[in-house]
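The values are calculated or read from the model by the stated rules, or taken from the named source; none is laboratory data. Quantities reported herein were computed from a predicted structural model and do not represent experimental measurements. In this analysis, Cβ positions are derived from the backbone assuming ideal geometry, glycine residues included, and neighbour counts consider all displayed protein chains. Surface areas here come from the heavy atoms of the whole protein model, side chains and all, with no ligands, DNA or RNA. Shrake-Rupley method; radii C 1.70, N 1.55, O 1.52, S 1.80 Å.
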Amino acid sequence: MSSSLNRFDRYSFYYLVGLAPVIIGFMIWAVIKDFANMNAAGLGWDIFGWVFIAWVLIMLYLVTKMVFSKTIRDVVMTKLAGMKERDERESVVAGNAAKFSFLSTLALLLFLFIFSVTTFTVNKHPKDLDNKKGTAVIGFALNGIDETALVHEVKGEIETFTYKSLPLTKPVIILLLIFWQIGSYHLVARRELRE
Amino acid sequence: MGNLKPKLVITNQLHVLRAEKKITQQELADEIGVTRATVNALEKGNYNPSLELAYRLSLYFKKNIQDIFHVEENHEF
C-alpha cells in the first residue's frame, strides 16, 4: 500500500485504520451508556472531539478521493475486496469474478430501482362507486430531491443546519449507480478496444 | 453461431517434465514467475497458459512448445 500512495494519503490511511478500533469502540460504548445525554465536558473530551472530527474528515477526504483517483482506488479496493492478481491465471479469475459481480450488481440495482419507484395503492370503498367496491392504482413515482436530508431549523435564537444524508432520493442514487456502472464499463472497454 | 468449430483440447506434459527435473511445483512456479496454484492448475489441465507463459515453460524445460503442449480436437458439443 505504502509505495504507490503519496505521503499525506499514506498517513491519512494509517490514522484512519489505526484509530478505527478506538472510534468504533467509543461508538459502541456511547450507545450503551447513552452518551447523548451525558455531560461530557473537560479537556479530555475536547481532545477526543478534535481527534474524532479529524478522523471523520479524513474518512470523507479518502472516500471522495477514492472515487476520482485510480491509484488510491486500486490500492484500497483490491485489499478490501481481497482481490489477488499475482499471475496471469489469478488475473483471469479476477476478471471472471469481476464480470459476475458487475452483472449481478447491475441486475440487483435494476431490481432495487424498479421496486423503489413502483407505487401501489388499494382503496376500499364503503359504498359502491360506479358499481365497484374498491380500486387499485399502480404506477411509478420518481422524486429527485430528498427534502429531509438537509434541515434548516430556527428555535428562538438558535439557528441549526443539519446534514443527514445525500440530498437525493434512493431511486435517484440507484439510477446514478446504474448509469455509472454501464457508462464506466463502456468508457474503459472502448478505450481498451481502440488501443 | 451456426458454424461450430470442434473444441480444441490442450493437454500438457508438465507433470512428467517436472518429475524428470525432480523439482516441486513451488520450485517450478518460482522459476516461471507464477503461483504454485497456477502450476497445479496447468498440470491438471484446468488452465491454459498464455503464449508468454508457454514460452517461459518452453525456455525453462529447453523444449519446443509442441513437445510440452498437445492439441486434440474434441468433436463432442
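Going by the conditions given, is A:V67 of a type in the set (V, I, T), assigned to a helix (DSSP H, G or I) and within 30 Å of A:N143 (Cα to Cα)?
Yes.
Out of all the residues in region A:136-163, which are farther than 26 Å from A:L175 by Cβ and not in a strand (DSSP E or B)?
Those that are farther than 26 Å from A:L175 by Cβ and not in a strand (DSSP E or B): A:G156, A:E157.
Exactly one condition in (1) at pLDDT 95 or above; (2) under 17 Å from A:D87 (Cβ atoms) is not met by B:N48; state its number.
Unmet for B:N48, out of (1) at pLDDT 95 or above; (2) under 17 Å from A:D87 (Cβ atoms): (1).
Identify the residue in region A:100-124 that is part of a helix (DSSP H, G or I) and surrounded by fewer than 11 Cβ atoms within 10 Å (Cβ to Cβ) and, among all such residues, is farthest from the chain's Cα centre (by Cα).
The selected residue is A:F100.
Here's the yes/no breakdown for (1) of a type outside the set (K, R); (2) farther than 30 Å from A:F13 by Cα:
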site: A:R89; (1), (2): no, yes
site: A:F102; (1), (2): yes, no
site: A:D146; (1), (2): yes, yes
site: A:P167; (1), (2): yes, no
site: A:I173; (1), (2): yes, no
site: A:I178; (1), (2): yes, no
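Could you tell me which of the residues B:L17, B:L42 is in contact with a Leu (Cβ under 9 Å, 6 or more places away or on another chain), under 23 Å from A:E85 (Cα atoms) and touching a residue at least 12 places away in the same chain (Cβ under 8 Å)?
Just one listed residue meets the conditions, B:L42.
Can you tell me which residues in region A:157-179 are of a type in the set (A, V, I, L, M, F, W, C), in contact with a helix residue (DSSP H, G or I) (Cβ under 8 Å, 6 or more places away or on another chain) and either on the phi > 0 side of the Ramachandran plot or open to solvent by less than 50 Å² (accessible area, probe 1.4 Å) (or both)?
Scanning region A:157-179 gives A:I174, A:L175, A:I178.
Of the conditions (1) at positive phi; (2) within 14 Å of chain A (Cβ to nearest Cβ), B:K62 clears all except one; give me its number.
Failing condition for B:K62: (2).
Can you find a residue that is in contact (Cβ under 8 Å) with a residue 12 or more places away in the chain, open to solvent by less than 90 Å² (accessible area, probe 1.4 Å), of a type outside the set (D, E) and in a helix (DSSP H, G or I) anywhere in region A:28-47?
no
Taking the condition of being open to solvent by 80 Å² or more (accessible area, probe 1.4 Å) and either of a type in the set (A, V, I, L, M, F, W, C) or at pLDDT 90 or above (or both), how many residues in region A:138-151 meet it?
5
Which condition from (1) within 14 Å of another protein chain (Cβ to nearest Cβ); (2) open to solvent by 90 Å² or more (accessible area, probe 1.4 Å); (3) part of a helix (DSSP H, G or I) is the one that A:W50 breaks?
(1)
Quick one: would you say B:I32 is closer than 25 Å to A:R86 by Cα, among the hydrophobic types (A, V, I, L, M, F, W, C) and within 11 Å of the chain's Cα centre (by Cα)?
In short, no.
Within the group A:K127, A:K79, A:K133, which residue is outside any loop (DSSP other than H, G, I, E, B), out of contact with any Ser or Thr (no Cβ under 8 Å at 6 or more places or on another chain), among the basic types (K, R) and surrounded by 11 or more Cβ atoms within 10 Å (Cβ to Cβ)?
The conditions single out A:K133.
Anything in region B:22-43 that is farther than 15 Å from B:R56 by Cβ and more than 14 Å from every other protein chain (Cβ to nearest Cβ)? List them, or say none.
B:K22, B:T24
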